[in-house]
């Protein structure tokens, strides 16, 4: 049962016939993990908190840096130096005291990711760390958790939603991470700050659709966004029978550590 | 022959995907995923996969960037 204040707070959801009271209750019962309280994670966390996702976990081991503020809109100037998970949780609770925010001030590794994932039903990848992205992909596969991959760089972004074992995964497309330093990170190549808002908000949309059971997820598809010509292109993907993780003869049968991150951990793991 | 590369029509002469990566001077070809007519190609098939009139080819960099594929 929603309280009177909740009926008012969520009224714009409640009048959508596709959401309604039943849908809002689904959102309040949903549990979403956001990995990275950075560029992508910031808008995702703000909108999911506002939407009334009942339990939101935020994973990040970094502290807020002045260079983050150009795009990581959940962190404000007085937060510089503060743990990102705490800075994010404060804003999320201020937007919506209905929700529970769990903070996980850790870097995800093979030995800590599975127990964290176990508490959630959908995962948003807001990292910009190749090893972490593949770790999330693999762990979600083994845990059977749906997740949405997102990435931004310079003026472009891309995303893929994965239902493990059912739809194309990151390794179906890319195999494994590029060698360290082969692909520039945001600190090396730059990123237009607002790109994080576009892609992070689209990732949050996938989390809401999944919780509501509404619409069609971005599965077996890759969305490419280019800010300079304002184009969205959707490529069709197919599962790769030779995928090392979810193919016919997988070679990855347990979590393993990939090469160290290509990016500067301090300032850039969450573009 | 005419093919579509990243949504834009192009006139190319390459006979294979490996040749196409060279002809279009795709940066860091070992880090790009190639989608041909809606399916991702395995890297070991680049040398043997023919490019044909009307093909739709997409170069996808990890993270939607890295380098500009166009």
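The values are calculated or read from the model by the stated rules, or taken from the named source; none is laboratory data. These numbers come from a predicted model, not from an experiment. Virtual Cβ from ideal backbone geometry, glycine too; neighbours counted across all protein chains shown.
On inspection, residue A:79 does not qualify as at pLDDT 95 or above, within 14 Å of the chain's Cα centre (by Cα) and crowded, with 16+ Cβ neighbours inside 10 Å.
Exactly one residue out of A:170, A:163 is within 14 Å of another protein chain (Cβ to nearest Cβ) and either over 21 Å from residue A:39 (Cα atoms) or in contact with a helix residue (DSSP H, G or I) (Cβ under 6 Å, 6 or more places away or on another chain) (or both): that is A:170.
To keep it simple, each residue is scored yes or no on (1) more than 14 Å from chain A (Cβ to nearest Cβ); (2) assigned to a strand (DSSP E or B); (3) modelled with pLDDT of 95 or more; (4) in contact with a helix residue (DSSP H, G or I) (Cβ under 6 Å, 6 or more places away or on another chain).
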position: B:3; (1), (2), (3), (4): yes, yes, yes, no
position: B:22; (1), (2), (3), (4): yes, no, no, no
position: B:27; (1), (2), (3), (4): no, no, no, no
position: B:35; (1), (2), (3), (4): no, yes, no, no
position: B:44; (1), (2), (3), (4): no, no, no, no
position: B:47; (1), (2), (3), (4): yes, no, no, yes
position: B:53; (1), (2), (3), (4): yes, no, yes, no
position: B:59; (1), (2), (3), (4): no, yes, no, no
position: B:69; (1), (2), (3), (4): no, no, no, no
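Of all the numbered requirements in (1) assigned to a helix (DSSP H, G or I); (2) more than 11 Å from chain B (Cβ to nearest Cβ); (3) buried (at least 20 other Cβ atoms within 10 Å of the Cβ), residue A:199 misses one, and that requirement is (2).
Let's see how each residue does on (1) on the phi < 0 side of the Ramachandran plot; (2) in contact with a strand residue (DSSP E or B) (Cβ under 7 Å, 6 or more places away or on another chain):
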position	(1), (2)
A:124	yes, yes
A:144	no, no
A:148	yes, yes
A:167	yes, no
A:171	yes, no
A:193	yes, no
A:207	yes, yes
A:223	yes, yes
A:230	no, no
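Just checking, does segment A:148-170 include any residue being in a helix (DSSP H, G or I) and surrounded by 23 or more Cβ atoms within 10 Å (Cβ to Cβ)? Yes, segment A:148-170 contains at least one residue that is in a helix (DSSP H, G or I) and surrounded by 23 or more Cβ atoms within 10 Å (Cβ to Cβ). Scanning segment A:48-65 for residues that are surrounded by fewer than 24 Cβ atoms within 10 Å (Cβ to Cβ) and under 15 Å from the mean Cα position of the chain (by Cα) yields A:55, A:57. Among the criteria (1) facing chain B (nearest Cβ under 9 Å); (2) at pLDDT 95 or above; (3) part of a loop (DSSP other than H, G, I, E, B), the one residue A:182 does not fulfil is (2).
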